[in-house]
Each structure stands twice: as C-alpha cells, then as structure tokens.
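Novice: The structure under discussion is supplied below as structure tokens; questions concerning it will follow.
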Amino acid sequence: MRIICVAGARPNYMKIKPVMDALERRGAEVVLVHTGQHYDESMNEVFFRDLGIRPPDRFLGVGSGTHAEQTGRVMAAFEPLLDEVAPDAVVVVGDINSTLACALVTAKAGPLLAHVEAGLRSRDWSMPEEVNRVATDRVSDYLLAPSPDAAVNLRAEGYRDDQIHVVGNVMIDTLLANLERARKSDVLERYGLTRGEYGLVTLHRPANVDDPESLTALLKALGEIAGRCPLLLPVHPRAAGRLAELGVPGGIRLVPAAGYLDFIALQDSARVVLTDSGGIQEETTALGVPCVTLRDNTERPITVEQGTNVLAGRDPERIVATVNRVLDNPPAARCPELWDGHASDRIAEVLLGGGGASGRLRPTDLRVQDDPGN
C-alpha cells in the first residue's frame, strides 16, 4: 500500500513518527507530507532532529494566517499532490488546521482516510481544535481512538463499530521510545535546576495568552505559586510578545522554547507541571508527574480519571488553591490501558489489514443488518 502521512505542526511530529515507522516495517510505501503550518526552528527543525524524522517527501510551505486562510492554503496545495501521488490511504493526526484541510481534500478525492486521535471531545465549541477534530472524524474511514472514552464518544455520535478502533496513544509510543535519551539531557544542569524542586509551565492557548487581562490574571496566580515552588516557563512563540509586554512576577524564569528531548527531561524531573496543552496532560500521566491544567475543560478526560492530571480552570484563586493541594498531596501515578508504546503497531495492523476503498463501507454508508423477514 502507498500511504500519505501528514504532519503540519509541533503536536503532530510526535504522533506521526511512530505510525510511519510501523507502516514501513510492514512494507508500506510511506510518503511524508509536511504542510508547513509550523515552520520556525523552535517549533519545527529541532523536533525533526530530536525524533529522527526523515526529511519530508513534500513540503507545502503554507505558513501562518487566519484559520480560513491557513486551511484554504493547505487544501489548495494538497489537492494536486494527492492527485499526483495517488495513495491508497491518507493518515492525519490530531486537530490542527492542516488535519482538517487534508482530511477534506482526501474525502473528496476518494482514498481511505484514517484519523489518529479520533473521538477526543472537549465539548467546548469555542475551541477551533474541537471543530477540527469533529469535522475530521465525520469524513474519516478509520477512527483510531487513543482510549475507550474516545470510542464511547464516537459511538454516541453514531459512527459504526467497523470504523472505530481503540489503538492506544501514539504520543506515548514516542515518549517511551525516547525517554532514556531524554534523561541523558543536560538541560537541568544548563538551567541550574534540581529534580523535584521546580514547577514547569507552558502557555499557548488563545484564551490564555491573547487577552492581556486573562494573561495578567494567570501570571498573578503563577507568581503566588512561584513563592512556594520556583517555576520555569519555556516561551511558546505565540506567547512571547505578550509576556514581554506584561513582564512576569519574581520566581518565574522565562527560557527559550525547548526541543523534544529537553522538554521531556524537564517534565520528567518537575515537581508539578502547569499547562494548557493537551499533549502535556498525556505525557505527564505516562511519566507519573502531577499536572495542573489551566483550562475549564479537557478533551483528554482520561488523564483526570486514570492519570495524574487535575483541572484547575482559569480563575487565579482556584489555580493557586489547586496547585497547593497537588503539592501537598500529589495524585497517585496511574496510566491508562494501551498506553504501552505499541499503539502505532496496532494502527499499522488496522490500516494494512483493511483493504482498499473499493472493499469498504464509506463514512456515511449504513451497515445492512440481517433481517430474517427479508
């Protein structure tokens, strides 16, 4: 089989690498397409180097823009490529604009479409990622769910059982494959940190960083927390300007955005992680590190139910109270079933064993039930 694997931004790289490897080990021809949604060094090249991802076969170079502009540019660039490559299937991962754009083009062109991380739901329609993941699921032939709760969401929305496959979490495949390498990083020495004696912070969600009033309130809460536990904040490009304008309280140290191995090392050694990232909720759960999520909801509730994650919302007083409670009584380390480093193998088995588009029901086909009266 010839399979296109699509990546576009930092959250995608850790998800697509193990899938590509598993497919190629089984003899598939894999074409890696990078849309260029993330393109600067701190969000792109360093991750390819750290993860050992080969150079993309095609680079679309779409760059930044509004959601509509970016989605439209990816679609316009991906359509002729898809026609030229003529794959049997396309694999998209996650919930970024590139994911939805390539999914829509694939659905109209005819190849089978597989969505890795299908079924995740935050129930927050104000999040662009929620719209992307719901729409991508709707046009996908293979819904590759990371956990049972995601499969429950899909069944409740009416998807057929033959579309849904609980395969586990590919992010954890990459984490476990690189954990020992990450633990050899000298990043703690570079920043003068001691294991278990600092907190790690990430901020990038528009609701948290685009509104100066919201960001000011968050920084006030972080400053209070830093009085008890010093905080390290690798600066996401999205937040850099705002943080420079507002300044940060004492006890919060700003550092450049970290590469994959350095960031895993920082998570692994942190006393607590404060984040608005979905992927970090998963990684901290796998590492057994307490995580406080600075959002009102999460599309990864299993990290709260079966992991080390606690939702704190965005109210400063609640955030401080939640972090203090976690520092005093850290959640027990727990990891969901199938987060075992072999999700990508299960994905490859599904894709390579499912046949071509002509032999499958498509996303809106109805399964014919046997009726003894017929």
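The values are calculated or read from the model by the stated rules, or taken from the named source; none is laboratory data. The structure presented is a predicted model; accordingly, all values stated were derived computationally and were not measured. Because the Cβ atoms are built from the backbone with ideal geometry, glycine has one as well, and the counts that use them run over all protein chains shown. Remember, those area values only see protein heavy atoms, side chains included, never the ligands or the DNA or RNA. Shrake-Rupley method; radii C 1.70, N 1.55, O 1.52, S 1.80 Å.
Novice: Would you point out which residue out of Glu180, Glu213 is assigned to a helix (DSSP H, G or I) and at pLDDT 95 or above?
Specialist: Glu180
Novice: Just the residues that are open to solvent by 40 Å² or more (accessible area, probe 1.4 Å), among the acidic types (Asp, Glu) and touching a residue at least 60 places away in the same chain (Cβ under 8 Å), please, taken from the stretch 219-263.
Specialist: Glu224
Novice: Still on this model: Pull out all pairs, ordered by first then second residue, where Cβ-Cβ is under 6 Å, the residues are six or more apart or on different chains, the first lies in the stretch 298-319 and is over 12 Å from Thr275 (Cβ atoms), and the second is of a type outside the set (Val, Ile, Thr) and open to solvent by 40 Å² or more (accessible area, probe 1.4 Å).
Specialist: Listed pairs, sorted by first residue: Gln306/Arg334; Gly307/Arg334; Gly313/Asp296; Pro316/Lys220.
Novice: Hey, another quick one. Could you list, in sequence order, the residues of the stretch 43-64 that are over 19 Å from the mean Cα position of the chain (by Cα) and buried (at least 19 other Cβ atoms within 10 Å of the Cβ)?
Specialist: Those that are over 19 Å from the mean Cα position of the chain (by Cα) and buried (at least 19 other Cβ atoms within 10 Å of the Cβ): Leu60, Val62.
Novice: Hey, does the stretch 329-338 have a residue that's aliphatic (A, V, I, L, M), on the phi > 0 side of the Ramachandran plot and surrounded by fewer than 23 Cβ atoms within 10 Å (Cβ to Cβ)?
Specialist: Yes: one or more hits.
Novice: While we're on this one: Could you grab the pairs with beta carbons closer than 8 Å, sequence gap of 6+ or different chains, first residue in the stretch 336-359 and among the basic types (Lys, Arg) and assigned to a helix (DSSP H, G or I), second one crowded, with 18+ Cβ neighbours inside 10 Å and at pLDDT 95 or above?
Specialist: Taking only residues 6 or more apart or on different chains, the pairs are Arg346/His165; Arg346/Val167; Arg346/Gly168; Arg346/Leu338.
Novice: Taking the stretch 239-266, which residues are closer than 23 Å to Glu197 by Cα and not in a loop (DSSP other than H, G, I, E, B)?
Specialist: Ile252, Arg253, Leu254, Val255, Pro256, Tyr260, Leu261, Asp262, Phe263, Ile264, Ala265, Leu266
Novice: Would you tally the residues in the stretch 285-307 being within 13 Å of the chain's Cα centre (by Cα) and of a type outside the set (Asp, Glu)?
Specialist: The qualifying residues number 2.
Novice: Filter the stretch 267-321 down to residues that are part of a helix (DSSP H, G or I) and in contact with a Pro (Cβ under 6 Å, 6 or more places away or on another chain) and give me whichever is nearest to Asp149 (Cα to Cα).
Specialist: Filtering first and then ranking leaves Ile302.
Novice: Output the residues belonging to the stretch 98-130 that are part of a helix (DSSP H, G or I), touching a helix residue (DSSP H, G or I) at 6+ places or on another chain (Cβ under 8 Å) and either free of Cβ contacts under 8 Å to residues at least 12 places away in the same chain or polar (S, T, N, Q) (or both).
Specialist: Passing the criteria: Ser98, Thr99, Thr106.
Novice: Output the number of residues of the stretch 94-147 satisfying the condition of being touching a Leu at 6+ places or on another chain (Cβ under 9 Å) and of a type in the set (Val, Ile, Thr).
Specialist: 6
Novice: Among the listed residues Val116, Val152, identify the single one that is among the β-branched types (Val, Ile, Thr) and open to solvent by 10 Å² or more (accessible area, probe 1.4 Å).
Specialist: Val152
Residue-by-condition table, conditions (1) over 30 Å from Leu179 (Cα atoms); (2) open to solvent by 30 Å² or more (accessible area, probe 1.4 Å); (3) in contact with a Phe, Trp or Tyr (Cβ under 7 Å, 6 or more places away or on another chain):
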residue: His34; (1), (2), (3): no, no, yes
residue: Thr66; (1), (2), (3): yes, yes, no
residue: Pro87; (1), (2), (3): yes, no, no
residue: Asn97; (1), (2), (3): no, no, no
residue: Arg133; (1), (2), (3): no, no, no
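Novice: Let me ask something else. If you go through the stretch 216-228 one residue at a time, how many are under 11 Å from Ile252 (Cβ atoms) and assigned to a loop (DSSP other than H, G, I, E, B)?
Specialist: Result for the stretch 216-228: 1.
Novice: Next question. Being over 25 Å from Ala135 (Cα atoms) and not basic (Lys, Arg), is that true of even one residue in the stretch 57-77?
Specialist: The answer is yes, given that some residue of the stretch 57-77 is over 25 Å from Ala135 (Cα atoms) and not basic (Lys, Arg).
Novice: What do you reckon, is Thr293 under 29 Å from Phe48 (Cβ atoms), of a type in the set (Ser, Thr, Tyr), touching a residue at least 24 places away in the same chain (Cβ under 8 Å) and open to solvent by less than 10 Å² (accessible area, probe 1.4 Å)?
Specialist: no
Novice: Next up: Which residue out of Thr136, Thr202, Thr174 is in contact (Cβ under 8 Å) with a residue 60 or more places away in the chain and in contact with a Ser or Thr (Cβ under 6 Å, 6 or more places away or on another chain)?
Specialist: Within the list Thr136, Thr202, Thr174, the selection yields Thr202.
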